[in-house]
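Beneath this line is the structure, given in structure tokens, with notes to follow.
The values are calculated or read from the model by the stated rules, or taken from the named source; none is laboratory data. All figures in this text were calculated on a predicted structure; none of them were measured in a lab. Neighbour counts run over all protein chains shown; Cβ positions are idealised from the backbone, glycine included.
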Amino acid sequence: MVAINRPAWVAALLVLAAAAPLPAQSLRWPAAPPVYARVTITNQTDIAIVFRSHWGNEEPRREVLEPGRAVTVDTTFAAASPKPELTVVYRTGPWHRRPEVVSLPSGHVDPGTNNPGRVYDFYRQRSNVGEIVTLTAR
């Protein structure tokens, strides 16, 4: 039995590793495909509702949602990151000066399906200041 001195064995391994460098691409992890998130907002009232929505830092987009209609908004995000939230800005009534700002958690979906993701509904609700519009999760 031949005994190899441990420091010599480590030095030999380092020499072999330096002699045959691996290409840089083999050291990278394969890129994970993007993940899709989706939110569907429906109008359960008898009036048209105007609101703005945006994912994260993207530019807000204006939506006019007619009674009984729905709008589906989706986005992609990195696989290991938390699900994005859709920010929705709307007015609860004509007399309110400040708009309501709501952050809606999204649902993870397969982009090839018609899965609505997380669903939220606009409703009219009575309050002490008159009827207001609310946005609630289904």
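Give me a count of the residues in region 92-114 that are under 13 Å from residue 39 (Cα atoms), touching a Lys or Arg at 6+ places or on another chain (Cβ under 9 Å) and surrounded by fewer than 15 Cβ atoms within 10 Å (Cβ to Cβ).
Summing the residues that are under 13 Å from residue 39 (Cα atoms), touching a Lys or Arg at 6+ places or on another chain (Cβ under 9 Å) and surrounded by fewer than 15 Cβ atoms within 10 Å (Cβ to Cβ) in region 92-114 gives 2.
Here are the criteria: (1) at pLDDT below 65; (2) of a type in the set (S, T, N, Q); (3) under 35 Å from the mean Cα position of the chain (by Cα). Tell me which single one residue 57 does not satisfy.
The one condition residue 57 does not meet is (1).
What's the number of the only condition in (1) more than 18 Å from residue 108 (Cβ to Cβ); (2) surrounded by 13 or more Cβ atoms within 10 Å (Cβ to Cβ); (3) of a type outside the set (Ser, Thr, Tyr); (4) under 16 Å from the mean Cα position of the chain (by Cα) that residue 89 fails to meet?
Going through the list (1) more than 18 Å from residue 108 (Cβ to Cβ); (2) surrounded by 13 or more Cβ atoms within 10 Å (Cβ to Cβ); (3) of a type outside the set (Ser, Thr, Tyr); (4) under 16 Å from the mean Cα position of the chain (by Cα), residue 89 breaks only (4).
Is it the case that region 114-136 has a residue that's among the hydroxyl-bearing types (Ser, Thr, Tyr), without any contact (Cβ under 8 Å) to a residue 40 or more places away in the chain, out of contact with any strand residue (DSSP E or B) (no Cβ under 6 Å at 6 or more places or on another chain) and part of a loop (DSSP other than H, G, I, E, B)?
The answer is no; no qualifying residue exists.
If you take the residues in region 10-54 that are among the aromatic types (Phe, Trp, Tyr) and at pLDDT 90 or above, which one is surrounded by the fewest Cβ atoms within 10 Å (Cβ to Cβ)? Quick ask: steps written out before the conclusion?
To start, the set of residues in region 10-54 that are among the aromatic types (Phe, Trp, Tyr) comprises 29, 36, 51.
Now drop any that are not at pLDDT 90 or above, which leaves 36, 51.
Details: 36: 19, 51: 23.
If we take residues in region 10-54 being among the aromatic types (Phe, Trp, Tyr) and at pLDDT 90 or above, then 36 is surrounded by the fewest Cβ atoms within 10 Å (Cβ to Cβ).
Can you pull out every residue in region 65-106 that is small (Gly, Ala, Ser) and either modelled with pLDDT of 90 or more or touching a helix residue (DSSP H, G or I) at 6+ places or on another chain (Cβ under 9 Å) (or both)?
The initial filter retains those residues of region 65-106 that are small (Gly, Ala, Ser), namely 68, 70, 78-81, 93, 103, 106.
Listed by number, the residues that qualify are 68, 70, 103, 106.
Which pairs have Cβ atoms under 6 Å, sit 6 or more apart or on different chains, and link a residue in region 91-105 that is without any contact (Cβ under 8 Å) to a residue 40 or more places away in the chain and farther than 14 Å from residue 132 by Cβ to one that is among the hydroxyl-bearing types (Ser, Thr, Tyr) and in a strand (DSSP E or B)?
103/87
In region 56-86, how many residues are crowded, with 16+ Cβ neighbours inside 10 Å and part of a loop (DSSP other than H, G, I, E, B)?
The number of residues fulfilling the criteria is 1.
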